[in-house]
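Below you will find the structure I want to go over with you.
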Amino acid sequence: MKPRNPDANQGEGDRISARRYNRDVRAFVAEGKVDEAAHEAEAYVEHEPDDAARAERKAKRGPQGTRVTADELIAKGRSVIDRVRPMVARAIGKLRSRIHRK
């Protein structure tokens, strides 16, 4: 059954985000900002080679999971329970499906 929420997670093939990204890239190119951005990047690499190399290594590692402390969650208005609740719900769902299969 498909989720009815249009903003729901679409998985790895997230079409909405892909459309938004493509639209923004086309606008960036159409506005003629590519050459300016390329010159800025070149100047940055020449003036800050260590920073640029560090940023490149970080980008090559790919996205990292977020580790948030309980204090940070509380500061954002979310409790630890709010953060853990979806994981517990998934675990319960998996257990129920295993029990009902047998």
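Every number in this text was worked out from the coordinates using simple rules, so none of it is lab data. From a predicted model like this one, the values you see are computed outputs, not experimental measurements. Methodologically, a virtual Cβ is constructed for each residue, glycine included, from the backbone with ideal geometry; neighbour enumeration extends over all protein chains shown.
Can you work out ³J(HN,Hα) from phi for every residue in the stretch 63-74, in order, using Karplus 6.51 cos²θ - 1.76 cosθ + 1.60 and θ = phi - 60°, giving whole Hz and x for Gly and Pro?
In residue order, the calculated couplings are x, 10, x, 9, 10, 10, 7, 4, 4, 5, 5, 5 Hz.
At Arg85 and Leu73, where each label point lies 7 Å from the Cα along Cα→Cβ, what is the point-to-point distance in nanometres?
So the two model labels end up 1.2 nm from each other.
Answer with one residue from Ser17, Pro49, Val29: the one whose Cα lies farthest towards the positive end of the charge dipole of the stretch 16-64, charges on Cβ with Lys, Arg +1 and Asp, Glu -1.
The Cα lying farthest towards the positive end belongs to Ser17.
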